[in-house]
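One structure is given below, encoded as structure tokens.
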Amino acid sequence: MTYNRNNRSLFVLPSTQDHIQGVLNAAVVFVMYGDYECFQSANVYRLIKVAGQQLKVSFGEKNLGFIFRHFPQKQIHPHAQRAAQAAEAAAAQGQFWQMHEILFIHQQELGNGYLVEYANRLGLDISQFLQDLSKGAYVNLINADIEGGLRSGVEAAPALFINGIRYLVGEARRRHRWTVEQIMAAIVAANN
């Protein structure tokens, strides 16, 4: 299968199958493809949170939505796939966003022992969590996120779409760093 690397539109539209903060039918919906072991993914997630908090006053809570999709880059981040599985195992117990936060905060500590420690910290059923990880219960779901990203032209994490259109500032992340101001400007532009 070949993918159009120049595609700038989101191939898989937001749905109730996604992990979402805010509302699905918000005026502005972010979709981020990220990797828990990628510093830049953690940075972009933090910037989106800050921008979202600042703009809730202007737009209202119901007008912003954030969706996270997995795009582990296994070839350069050996723990990213397992971390994504841990996030999904936590999601099965209603703790996706809590695990998501912990994984980004502790992205240098994503070995199996740490993942169990984080699950324990969240009060998850450790037996179920370990069973889900050992069976690879969420590998297909993660692979579907990766496939959707590839079909949308994503080659590396992080990749950000706002209202279905690729936001390109981070595309050349070797030359540019994302800023809260750029993200806020994109939110304002998407809402107009």
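The values are calculated or read from the model by the stated rules, or taken from the named source; none is laboratory data. Keep in mind it's a predicted model, so treat the numbers as computed, not measured. Cβ coordinates were reconstructed from backbone atoms using ideal geometry, including for glycine residues, and neighbour counts include every protein chain displayed. Side chains included, ligands, DNA and RNA excluded: accessible areas come from the protein's heavy atoms. Shrake-Rupley method; radii C 1.70, N 1.55, O 1.52, S 1.80 Å.
Figures for the structure shown
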quantity	calculated
Condition check for LYS74: surrounded by fewer than 22 Cβ atoms within 10 Å (Cβ to Cβ), of a type in the set (D, E, K, R) and farther than 24 Å from ALA137 by Cα	no
Flag for LEU110 being in contact with a Phe, Trp or Tyr (Cβ under 7 Å, 6 or more places away or on another chain), assigned to a loop (DSSP other than H, G, I, E, B), crowded, with 16+ Cβ neighbours inside 10 Å and at pLDDT 95 or above	yes
Meets criteria (touching a residue at least 60 places away in the same chain (Cβ under 8 Å) and surrounded by fewer than 20 Cβ atoms within 10 Å (Cβ to Cβ)) for GLY153	yes
GLU88 crowded, with 18+ Cβ neighbours inside 10 Å and closer than 22 Å to TRP178 by Cα	no
Residue match in segment 135-146 (condition: of a type in the set (Ser, Thr, Tyr), surrounded by 15 or more Cβ atoms within 10 Å (Cβ to Cβ) and modelled with pLDDT of 90 or more)	yes
All positions within segment 41-84 that are closer than 12 Å to ILE183 by Cα and of a type in the set (A, V, I, L, M, F, W, C)	VAL44, LEU47, ILE48, VAL50, ALA51, LEU55
Considering residues of segment 11-22 that are in a loop (DSSP other than H, G, I, E, B) and out of contact with any helix residue (DSSP H, G or I) (no Cβ under 8 Å at 6 or more places or on another chain) only, the residue modelled with the highest pLDDT	ASP18
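Conditions tested, residue by residue: (1) touching a Leu at 6+ places or on another chain (Cβ under 9 Å); (2) within 26 Å of LEU124 (Cα to Cα); (3) open to solvent by 30 Å² or more (accessible area, probe 1.4 Å); (4) not hydroxyl-bearing (Ser, Thr, Tyr).
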{"residue": "ASP35", "(1), (2), (3), (4)": "no, yes, no, yes"}
{"residue": "LEU55", "(1), (2), (3), (4)": "yes, no, no, yes"}
{"residue": "HIS79", "(1), (2), (3), (4)": "yes, yes, yes, yes"}
{"residue": "GLN95", "(1), (2), (3), (4)": "yes, yes, yes, yes"}
